[in-house]
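*Asks:* One structure follows; several queries about it will come next.
The values are calculated or read from the model by the stated rules, or taken from the named source; none is laboratory data. Given the structure is predicted, the values throughout are model-derived calculations rather than measurements. No Cβ is skipped: glycine too gets one built from the backbone with ideal geometry, and neighbour counts run over all protein chains shown.
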Protein chains: 2
Amino acid sequence: MPVGTQATVKGMTTEQLQSLSVEILLCNSYHMLLRPGPDIVAKLGGLHGFMKWERPILTDSGGYQVFSLSKFRKVSEDGVTFQSHLDGTSYALTPESSMDLQVALGADIIMPLDDCLAYPATPEMAAVSMRRSMDWAGRCSIRFRERAPSGQELFGIVQGSVYSDLRQESAERLIEIGFPGYAVGGLAVGEPNAVMYEVLEQVEPHLPDDKPRYLMGVGTPEDLVECVARGVDMFDCVMPTRHARNGWLFTRDGHIVIKHAEYKEDERPIDETCRCPVCTKHSRAYLRHLFMAGEILSSVLNTIHNLYFYLDTMNRIRQFIEFRRFDELLAKVRNKQLRRT
Amino acid sequence: MPVGTQATVKGMTTEQLQSLSVEILLCNSYHMLLRPGPDIVAKLGGLHGFMKWERPILTDSGGYQVFSLSKFRKVSEDGVTFQSHLDGTSYALTPESSMDLQVALGADIIMPLDDCLAYPATPEMAAVSMRRSMDWAGRCSIRFRERAPSGQELFGIVQGSVYSDLRQESAERLIEIGFPGYAVGGLAVGEPNAVMYEVLEQVEPHLPDDKPRYLMGVGTPEDLVECVARGVDMFDCVMPTRHARNGWLFTRDGHIVIKHAEYKEDERPIDETCRCPVCTKHSRAYLRHLFMAGEILSSVLNTIHNLYFYLDTMNRIRQFIEFRRFDELLAKVRNKQLRRT
């Protein structure tokens, strides 16, 4: 899922997203709460009507942005109060108001409010935080069933930091409540990749086989393959779009940093094997020029390429799985990683 | 002609420009000289190959940007020396090197180096400057015939500030040299609109009927109609694109400033009569949100609308001329102007 933070994937028209075959977007409730406000979005037909995006949308609860962006955050059993990073206005989010917010935004998949924990955390801190999140998940589920229109779905989020017993307890409590999909939260928050993979391996057997699993906020193209190998079905990440704007472009042989002088006269595309609208047309030299000149088109073209690369990576994963040759893809990725390290 | 200052119309892919039926772009030689440099552009196939824009391109000489942007400008009979506004590097432009630069850039229509004069100027200053520009036009023409490949065309530029005798002398000297098209320069530099119109009326009878006339750096939608009424065929201006990025959007009833709070919940398009890809899809409320949030897509969508509006204005002018009803269009524009003042 490309990330459309403020009701737009930065620099992309909805037509461009459609022609890249983007199937679903993530939008951030936190940003919509602050600006333009849920009432305006709801009046304009929810996020779908507001953005004019007809395909599915997932919204997060806002909890993570409160944790990472806001000022003067205060968490209690009831919920979280915080000040906007934009103008200091005070807001409160409870499990219930988070559901109401996401119902107003009208996303197809919505997420429960959870308590976000910094990494590293002691087992005691992680237990308190996880149990609070599970209590909140229960309250979210109740409010959701009261208020949400049919068609919307609420996922659960497994927490518990890096502690396998806590992760197991969290998964079991969520399954008891019952959700149509399960996210793994609290990863990609600074822990080493090996730790993230290990947590996924520990959580995996505790999740139902017949429900989608969504790893929040991950990751590199290699992460996608490694995490699919550990049972993950869905991802969201700002990496392809944010890196694009910083001139970091993905290729099958790693990445290139387009500002480097070596690309000054380079007539080749970003990736000679790529069939995206940018690689079939533009040279590295032109893309470098646009980046150095600070042109808007630099962000636009780089974003098209990186999104294409990520979606293509997911397509390749699906194909390799379909042909029962996923192990080959995994071996290929690990081999390349080894060669590069 | 939309302006593609640094080898890109800010925020627009070439596909978007094509689907707007943009027929010709203007690019700035000055910017290409400084970054990425003409050698790189030439190596990548000229501006057409560099930008991947197959339709016509016009380049200016760089003289106006030297006048308006550069530091420590020094003009002599031979040409102009100046320091880059980017990093202070020294450059020289002569009539000859300006031709070589534009030949390297490979534009379809190129412009002679001229001496740019601040407004207002005394008749004496204007005469000296105009005669220097005419000498340079002669030198440009000689160099152009020696160096330019077939297919490229060099226009002349009429100068002479607001003085009709100087404008006449300038037009006559250019016609003596002989050009396939004639630009009117030194207007839209701060003089009142009425003065600009008057100068055009005075110049008009001195220009050949069978050659295109190009008014440089103009203007508002109303200016386009008023100047066509005075014989102008071609325009370039940053107004539609620059105003778009500042949230100033053109409509048939004047303009709207999209940041205004009155558009916060406005479900209507920018202009209800407009058939552009933005007006047929997006609300003012969404466009206001994108602008307030500082989103790249704000610049992109606003630019699409404003370019469509300008090109549509030119299309309407052509249609009214074709049906021999141009006077009606002119009366309509003047009526609206009166109503608004």
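*Asks:* For the stretch A:78-104, how many residues are out of contact with any Ser or Thr (no Cβ under 6 Å at 6 or more places or on another chain) and polar (S, T, N, Q)?
*Replies:* The qualifying residues number 6.
*Asks:* So residue B:189 clears everything in (1) in contact (Cβ under 8 Å) with a residue 40 or more places away in the chain; (2) surrounded by fewer than 20 Cβ atoms within 10 Å (Cβ to Cβ); (3) more than 21 Å from residue B:111 (Cα to Cα) except one condition, right? Which one?
*Replies:* Result: residue B:189 fails condition (3) only.
*Asks:* Okay, moving on. Let me spell it out: the conditions are (1) in contact with an Asp or Glu (Cβ under 8 Å, 6 or more places away or on another chain); (2) of a type outside the set (S, T, N, Q); (3) more than 28 Å from residue B:314 (Cα to Cα), and residue B:26 meets all of them except one. Which number is the exception?
*Replies:* Unmet for residue B:26, out of (1) in contact with an Asp or Glu (Cβ under 8 Å, 6 or more places away or on another chain); (2) of a type outside the set (S, T, N, Q); (3) more than 28 Å from residue B:314 (Cα to Cα): (3).
*Asks:* If you go through the stretch B:122-164, how many residues are among the small types (Gly, Ala, Ser), surrounded by fewer than 17 Cβ atoms within 10 Å (Cβ to Cβ) and over 30 Å from residue B:46 (Cβ atoms)?
*Replies:* Number satisfying all stated conditions: 1.
*Asks:* Within the stretch A:29-51, work out how many residues are more than 21 Å from the chain's Cα centre (by Cα), in contact (Cβ under 8 Å) with a residue 60 or more places away in the chain and crowded, with 23+ Cβ neighbours inside 10 Å.
*Replies:* 1
*Asks:* May I ask you to verify whether residue A:122 is closer than 17 Å to residue A:160 by Cβ and among the β-branched types (Val, Ile, Thr)?
*Replies:* Taking the combined requirement at face value, the residue satisfies it.
*Asks:* Out of the stretch B:132-156, which residues are basic (Lys, Arg) and under 16 Å from residue B:106 (Cα atoms)?
*Replies:* B:143, B:145, B:147
*Asks:* Which of the following residues is at pLDDT below 95 and either over 21 Å from the mean Cα position of the chain (by Cα) or closer than 24 Å to residue A:111 by Cβ (or both): A:253, A:210, A:266?
*Replies:* Just one listed residue meets the conditions, A:253.
*Asks:* Which members of the stretch B:261-298 meet the condition of being more than 14 Å from chain A (Cβ to nearest Cβ) and surrounded by fewer than 18 Cβ atoms within 10 Å (Cβ to Cβ)?
*Replies:* B:272, B:273, B:275
*Asks:* Taking strands (runs of 3 or more DSSP E) that do not extend beyond the stretch A:1-76, which have at least 2 residues that are at pLDDT below 95 and more than 13 Å from residue B:297 (Cβ to Cβ)?
*Replies:* Qualifying strands (runs of 3 or more DSSP E): A:71-75.
*Asks:* Out of all the residues in the stretch B:52-60, is one or more of a type in the set (Asp, Glu), more than 13 Å from chain A (Cβ to nearest Cβ), touching a residue at least 40 places away in the same chain (Cβ under 8 Å) and out of contact with any Gly (no Cβ under 8 Å at 6 or more places or on another chain)?
*Replies:* Yes, the stretch B:52-60 has at least one match.
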